[in-house]
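Inspection log for the structure reproduced underneath, given as structure tokens.
The values are calculated or read from the model by the stated rules, or taken from the named source; none is laboratory data. Every value quoted in this text rests on a predicted model; they were computed, and no experiment measured them. With ideal geometry, Cβ positions are generated from the backbone for all residues, glycine too; neighbour counts draw on all protein chains shown. When the accessible area is computed, the model is the full protein with side chains, heavy atoms only, and any ligands, DNA or RNA have been set aside. Shrake-Rupley method; radii C 1.70, N 1.55, O 1.52, S 1.80 Å.
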Amino acid sequence: MFRFEEPTYLYLLILLPLILGFYVYAIYRKKKAIKEFGDPELMEALMPDASLSRLRIKMILMLVVVVLFALLLARPQFGSKLETVKREGIELIIAMDISNSMLARDIQPSRLDKAKRIVAQLCDKMEDDKIGIIVFAGDAYTQLPITSDYISAKMFLETVSPSLISKQGTSIGAAINLANNSFTPREGVGKAIIIITDGENHEGGAEEAAKKASDNGIQVNVLGIGSPEGAPIPSEDAENQYRKDREGNIVITRLNEQMCQDIARLGNGMYARVDNTNAAQKALEKEIDKLAKADIETKVYTAYNEQFQAVAWLILIFLVLEMLILERKNPLFKNINLFSVKH
């Protein structure tokens, strides 16, 4: 297995076209200067040992040295030992409510932003686990299939907003059913769905979906985000304005805590209300730690040998060659005309 320990240094290869361009420009300027100084054929007779081919060879050698130097800094390595490593992990599917009501600010900075922070911090604590992200409003969609790539998970998380789903509503049941079918077929691994919602379920079927998931051995945990007192929903059309119903009254969205608790109970999971503290997140992490972690066998290279010594020797050899090659013409190449200028 081959790799670079410091691949960032490979960006030094960008210097190659710059160096080559400088060389071509320098040759052009030299030829132009000689032509302005006198007749090229006469100047060639005065300098019979000048060799353009040797200049080119020396330039090629320097370009090779630059390439090798970039490789040297990047620290090329070969894997020397392939081993089967057992790692323990669980699988989590996060189902995030992205309906317009999640824009309410009874939880700071908003319900949706708080939900994103919880998921991001959950990703930061993962090591050998798998995570997937589902977003839902009137419909449910997979935002990120289950993966161990936590960096991608956090990147996808940044793009989450109510605009992802045009159909408004809160279809918790559809989200649970989609999550139920999103896990890998591996057996013996702890699997859990985490619903983050304000509980305003407009579609029905959430309790049945939670019971079905529980019967499949998948735990359904619910984080209720918002306050029972409720808050207005900010308007996207104007600042400091709120959404209104058809009669012109400001719409107030409230946490449906009873709905959230019922889903968690039927899903054999836990419920916690999210407020402006980290209490709910800590309770969730404690519940996740109880899940069974299955052994995952992975073949990895556990030892790498540095190969920079060979590259260093090549650099030294090419530098010595470049120094030994003089710019004087070899008798075999005296017919090469350094001073020919295209008219």
May I ask you to derive the FRET efficiency for Ser163 and Tyr11 from their Cβ-Cβ distance with R0 = 45 Å, giving the value to the nearest 0.05? 0.80
Along region 244-252, what does the Karplus equation 6.51 cos²θ - 1.76 cosθ + 1.60 (θ = phi - 60°) give for ³J(HN,Hα), rounded to whole Hz, x for Gly and Pro? 10, 7, 5, 8, x, 8, 5, 7, 10
Starting from the Cα-Cα distance between Tyr25 and Glu306, subtract it from 0.36 nm times their residue separation and give me the gain in nm to one decimal. 97.3 nm
For region 221-263, the Cα-Cα pair-distance distribution in 5 Å bins from 0, as whole percents, is 5, 22, 20, 19, 14, 11, 7, 1
Quick one: pull the percentage of alpha-carbon pairs in region 118-159 with a separation above 11 Å. 63
Calculated P(r) tail over 16 Å for region 252-294, as whole % of Cα pairs: 49
Where the convex hull is taken over the Cα atoms of region 164-302, what is its projected area averaged over directions, in nm²? 12.2
Given 255-267, 204-216, the highest-first ranking by average Cβ count within 10 Å works out to 255-267, 204-216
With bins 5 Å wide starting at 0, give me the P(r) of region 147-241 over every alpha carbon pair, in whole percents. 2, 10, 15, 20, 21, 15, 9, 4, 2, 1, 0
Arg254 accessible area, 1.4 Å probe, all protein chains in place, Å² to nearest 10: 120
What distance in nm separates the two pseudo spin-label positions at Phe4 and Gln121, each 7 Å out from Cα along the beta-carbon direction? 3.8
Given a Förster distance of 25 Å, report the FRET efficiency between Asp113 and Thr147 from their Cβ-Cβ distance, rounded to the nearest 0.05. 0.60
Using the Cα gyration tensor of region 188-261, with a ≥ b ≥ c the square roots of its eigenvalues, what is the shape: rounded (a/c below 1.5), prolate (a/b larger than b/c) or oblate (neither)? prolate
